[in-house]
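Structure first, commentary second.
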Amino acid sequence: MVGGQEGRPREQLAALYEIGRALNSTLEPDEVLDLILGMTLDLFSADAGSIMLLHEGLLRIHRARGLPPEVVEKTVVPLGQGIAGWVALTGEMLLLNGRIDDPRFRNLVRRDDEISSSLCTPLRSRQGVIGVMMVRRAGSTPFSRSQLDFFASVADQAALALENARLFRSEQERSWQLAREQQKFQAIFRDMADGVLVIDPSDRIAHLNASARRLLDRAGEISGLCLAELLPRFPLELVRETLKTQSEPFEADVTLQSGSGNSVLRVTATSLGPCPVEPEGLVLLLHDVTERVRVERMKSEFLSAVSHELKTPLTTVSGFLELMLNREYDRPRQEQYLSISLAEAQRLQRLIEDLLTLSRLESGQFHLQPGPVRLDRVAAGVLSGFSERYPGFSFKLEVLGEIPEVQGDGDLLAQVLLNLLSNSVKYSPDGGEVRVLVRAENQSVRVSVEDQGIGIPRDKIPFVFDRFFRVDNSLTRSTGGTGLGLANARYIVEGHGGTIWGESPGEKGSRFTFVLPCERKEPQESEA
């Protein structure tokens, strides 16, 4: 032990060695503080001691022995005040004996316990003073000047160990943070809806996520394959040349062909290396834009169809009116031209009404006027008009069982049947039978419209109720139309809480069905 004995440098060196070896046994800051204080009190035969650390201009006790817990908890010393504050501010060490009454120390804490001698020294790191270490003893043996010098050496050793522990903790927390960020990144990479491909400098797949595998429709091993095998139409050379000179991502749409049908991917490429330089690799973000491209194409076709549909009746009406203004015709010829003009004007009016109806249905601005409706009677009324207008067809209505009433808008439900029957007539160029079947089911009424027309390709059935959609074939191109009838029918049926779907059972013919809910009245038992 050093306490009270002077001039023994070998013992001091041995003590410093033991302190250093002990402090090197742990890199936990709290354990370092405990070891420092415990070994220092033993080494200097001190009765009490504390280690105060500096944070934002305030010293707080982080470890203490021989001090009351309430003193440890409430002691907060501003920089420059008291003995500890003065040492932290000036960086000087102190040997104090007896009661202290020194003008250098402001706001000294008066203590009732006996203090015969104390040592106080700053804890220094590369950044400056980080705290203060103090020990004290009671009794008749004070500390000496040589002990103060040795105490400073112990404090330097302690500050170095504490700084190493802090650096270790900081690096550990940084490592934990990096691990957490990596986990977050891996979770995002794994679960994001868009596909991600990481391409190495040799144009091979280094990493990919599950969405990329799904979008590329590849079940086997993909890592290590050349990008050209997966995206043969992607302009990889152009991408690399472009990213050498600009930092903006490169975007291109790529069409993929597969057994389940063509799909369109929006591929966004960015460089892994700093730009503008030779990219170290590429990151490709794959986003499925198949539906968007399809809708855009449908809109374009719709505009073309609407232009044609509007232009044709207008041209006819305009031509006949111009003839009647510039020439004299007999009464039968005038009636013929006026009848044709009226029919074309009515055709134009129906087209405009379809457009307005679709707009109101999509925006939710149409208002149902519900009431009790018998769908078998609605079907009979609609069919009567078709039988007169299309004599080349055989229209049949089949009603199975007693049809209960549904709550609905009769005019809108009649429009649904009108649209379905018009669709059947339009796509049945050879005429034939069109059958409407109405039957009651559990808490609902089912209505089906069947024809013997050209049918619908199986892969097109999911889209027939989309607005603007028309099956692309020679008949649809010759008959015209805008693809709004079935879309309007879907909005009306769904607005009534029902469902509608289409089928093409065989090589010929189509069947469209909608089901509406109803409330059946339970039969009342007759009184005996």
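Per the listing Arg490, Arg470, the residue uniquely buried (at least 21 other Cβ atoms within 10 Å of the Cβ) and at pLDDT below 80 is Arg470. Pick out the one residue from Ala219, Ala179, Ala161, Ala210 that is at pLDDT below 85 and more than 26 Å from the chain's Cα centre (by Cα). Selected residue: Ala161, the only one of Ala219, Ala179, Ala161, Ala210 that is at pLDDT below 85 and more than 26 Å from the chain's Cα centre (by Cα).
Of Glu353, Glu344, all but one fail to be modelled with pLDDT under 85 and either touching a Ser or Thr at 6+ places or on another chain (Cβ under 6 Å) or outside any helix (DSSP H, G or I) (or both); the exception is Glu344. Would you mind stating whether Gly408 is buried (at least 17 other Cβ atoms within 10 Å of the Cβ) and in contact (Cβ under 8 Å) with a residue 24 or more places away in the chain? Here the answer is yes, as Gly408 does meet what is asked. Among the candidates Ser153, Ser144, the residue that is assigned by TED's automatic domain parsing to the domain that holds Gly57, in contact with an Asp or Glu (Cβ under 6 Å, 6 or more places away or on another chain) and touching a residue at least 24 places away in the same chain (Cβ under 8 Å) is uniquely Ser144. For segment 1-57, the set of residues classified as assigned to a loop (DSSP other than H, G, I, E, B) and modelled with pLDDT under 70 consists of Met1, Val2, Gly3, Gly4, Gln5, Glu6, Gly7, Arg8, Asn24, Ser25, Thr26, Leu27, listed by residue number.
Candidates in segment 58-76 are the residues that are over 50 Å from the mean Cα position of the chain (by Cα), of a type in the set (A, V, I, L, M, F, W, C) and not in a helix (DSSP H, G or I); of these, the one that is modelled with the lowest pLDDT is Leu67.
The values are calculated or read from the model by the stated rules, or taken from the named source; none is laboratory data. In this text, all values refer to a predicted model and were calculated from it rather than measured experimentally. When we count neighbours, we look across all protein chains shown, and the Cβ atoms used for this are built from the backbone with ideal geometry, even at glycine.
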